[in-house]
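Below is one structure; the comments refer to it alone.
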Amino acid sequence: MTATPDQERVLIIDFGSQVTQLIARRLRESGVYCEVVPYTKAEAHLEPPPKAVILSGGPESAHLEGSPRAPEALFKMGVPVLGICYGEMTMCHQLGGKVESGHNREFGRAEIARVKDSPLFLGLDEREPVWMSHGDKITAIPEGFEVVATSEGSPFAAIADETRRFYGVQFHAEVAHTPHGAAMLRNFTHHIAGLKGDWTMANFRKEMVARIREQVGAGRVICGLSGGVDSSVAAVLIHEAIGDQLTCVFVDTGLLRLNEAEQVVSLFRNHYNIPLIHVDSAADFLGALNGVSDPETKRKTIGRLFIETFDREAAKIEGAAFLAQGTLYPDVIESIGGTSHVIKSHHNVGGLPERMKLKLVEPLRDLFKDEVRALGIELGLSPAFVGRHPFPGPGLAIRIPGEVTPEKVATLQKADAIYLEEIRAAGLYDKIWQAFAVLLPVRTVGVMGDGRTYDEVCALRAVTSTDGMTADFFEFPWDVLGRAATRIINEVRGINRVVYDVTSKPPGTIEWE
């Protein structure tokens, strides 16, 4: 998106951190419009001047030759600058301070102690818990800076040059594990930079509709519907922008939740009147997965078939020039290479194969799941629909470790449906970020009545989260788990044991599946 001349804009310069977009998320939560740009393109975005600049974290060492740098012109513009982690280090290095390697690393929870008042910490306590993640250390700060806060491992945990309005924090203020980090960022944008904070999801909707129209022009768009919230919200947004230039293609992989295919077709054809092509490809997907056990191979097989299906369907639509996807920001950072590990491989966030003659339209690419839900409400979708738990692109294939067969899919669909029914009946669905059943690749001996059984094990998972970047297990009431387990064992043939997974998803990891 591009800011209008009268719009308040914060520029976030990205140095490769996997949580850079969390900075943007925190700013959007407080009503601040922002743009995230890679450091390699940052200089071009300094005109017109932003109201403030934030330098993100990153994996490099600021003192090494060739490491990422902020544009030198930035420090002469007279706008407030906040450096976070690597951002603080490169600001120190570029302005005459000193950064070194070989010191004690600082990862995880820490506590900072304030030694000097600063508007950055307005309204906060003298001691604050924070989340550190750095291997290098600042050993000298530039002229004009003062120490604002220290930690056990960082004598320069927070620094400030109040005259130039330059600030640096060694910790990640943007993550949930810095409890008052959002307040620090708000202090920077509202009190130090003086922003009003009047940006809303309605603004995003209006701006994105204009952007889609500009990108697509008179071309036709084919939108890949997966049945989930993300692709559905993307489709409704794109349809608002270009109307019948959009055709949705729903590929029924046979790996969806119970009765989900019928629900998707009914929703788009009967309720929204959006042109929809329903492609029943269950036999193709299940056939291609026959005998495949490796999870990465399963992902790539599913992704390949999706591409082939869209390629085939796009060829039937005269003038189709664009492929729309419901890619979210977590999908992007899980799929990039370079400084980050590739975690997801089924999303086409890095571009489409050259043989495809379609350009990507990804209107949700900068948003997190809860922001997509807010956009869905803004677009008029029902809260019950947008509040549905996330469902991964590969579907049930990654919830069946080992070989995927039609029989296993049918078994898992029934168990998963019972699990979700009991969660809804207990009034817990909206308190859980994601809940699902997994059919484990093991069999156990059991006794049912007077007979001996040797059947499958079903694992139940439920996690809490805000943005899908970190998660923790949901503390189920035992009676709800008991009812779900009893029903699954009684109603789903082939399962004789149910277990509950209490694994957490700590910071620094992404995918739960």
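The values are calculated or read from the model by the stated rules, or taken from the named source; none is laboratory data. Keep in mind it's a predicted model, so treat the numbers as computed, not measured. Every residue, glycine among them, receives a Cβ derived from its backbone with ideal geometry; neighbour counts consider all protein chains shown. With ligands, DNA and RNA removed, areas are computed over all heavy atoms of the protein, side chains included. Shrake-Rupley method; radii C 1.70, N 1.55, O 1.52, S 1.80 Å.
Things to note:
- Top-ranked residue in the range 135-156 [being farther than 14 Å from residue 93 by Cβ and modelled with pLDDT under 90; ranked as nearest to the chain's Cα centre (by Cα)]: 135
- Of all residues in the range 465-489 being free of Cβ contacts under 8 Å to residues at least 40 places away in the same chain and acidic (Asp, Glu), the one that is least open to solvent (accessible area, probe 1.4 Å): 472
- One residue from 288, 320 being open to solvent by less than 40 Å² (accessible area, probe 1.4 Å) and farther than 24 Å from residue 238 by Cα: 288
- For the range 44-64, a tally of residues being farther than 13 Å from residue 90 by Cβ and charged (D, E, K, R) returns 2.
- Only one entry in 99, 19 is within 14 Å of residue 173 (Cβ to Cβ), touching a His at 6+ places or on another chain (Cβ under 7 Å) and either of a type in the set (A, V, I, L, M) or open to solvent by less than 60 Å² (accessible area, probe 1.4 Å) (or both), namely 19.
- On the stretch given as the range 296-314, residues that are open to solvent by 30 Å² or more (accessible area, probe 1.4 Å), closer than 29 Å to residue 418 by Cβ and either more than 27 Å from the chain's Cα centre (by Cα) or modelled with pLDDT of 90 or more (or both) total 0.
- Subset tally (residues that are free of Cβ contacts under 8 Å to residues at least 12 places away in the same chain and on the phi > 0 side of the Ramachandran plot) for the range 205-247: 2
- Hits in the range 30-54 - residues which are out of contact with any Cys (no Cβ under 9 Å at 6 or more places or on another chain) and closer than 13 Å to residue 173 by Cβ: 30
- Remark: residue 111 falls outside the filter, which requires a residue to be of a type outside the set (Lys, Arg), in a loop (DSSP other than H, G, I, E, B) and open to solvent by 40 Å² or more (accessible area, probe 1.4 Å).
- Residue pairs meeting the criteria (Cβ under 7 Å; at least 6 apart or on separate chains; first touching a residue at least 12 places away in the same chain (Cβ under 8 Å), in the range 119-139; second of a type in the set (A, V, I, L, M) and open to solvent by 30 Å² or more (accessible area, probe 1.4 Å)): 123/183; 124/183
- Flag for residue 462 being crowded, with 19+ Cβ neighbours inside 10 Å, without any contact (Cβ under 8 Å) to a residue 40 or more places away in the chain, within 29 Å of residue 387 (Cα to Cα) and within 23 Å of the chain's Cα centre (by Cα): yes
- Sub-6 Å Cβ pairs linking a first residue in the range 375-387 that is part of a loop (DSSP other than H, G, I, E, B) to a second residue that is crowded, with 16+ Cβ neighbours inside 10 Å and hydrophobic (A, V, I, L, M, F, W, C), at least 6 apart or interchain, are 379/236, ordered by first then second residue.
- Scope the range 22-66; condition modelled with pLDDT under 95, closer than 20 Å to residue 176 by Cα and hydroxyl-bearing (Ser, Thr, Tyr); matching residues: 30
- Once the range 45-60 is narrowed to residues that are touching a residue at least 60 places away in the same chain (Cβ under 8 Å) and open to solvent by 70 Å² or more (accessible area, probe 1.4 Å), the residue that is nearest to residue 133 (Cα to Cα) is 59.
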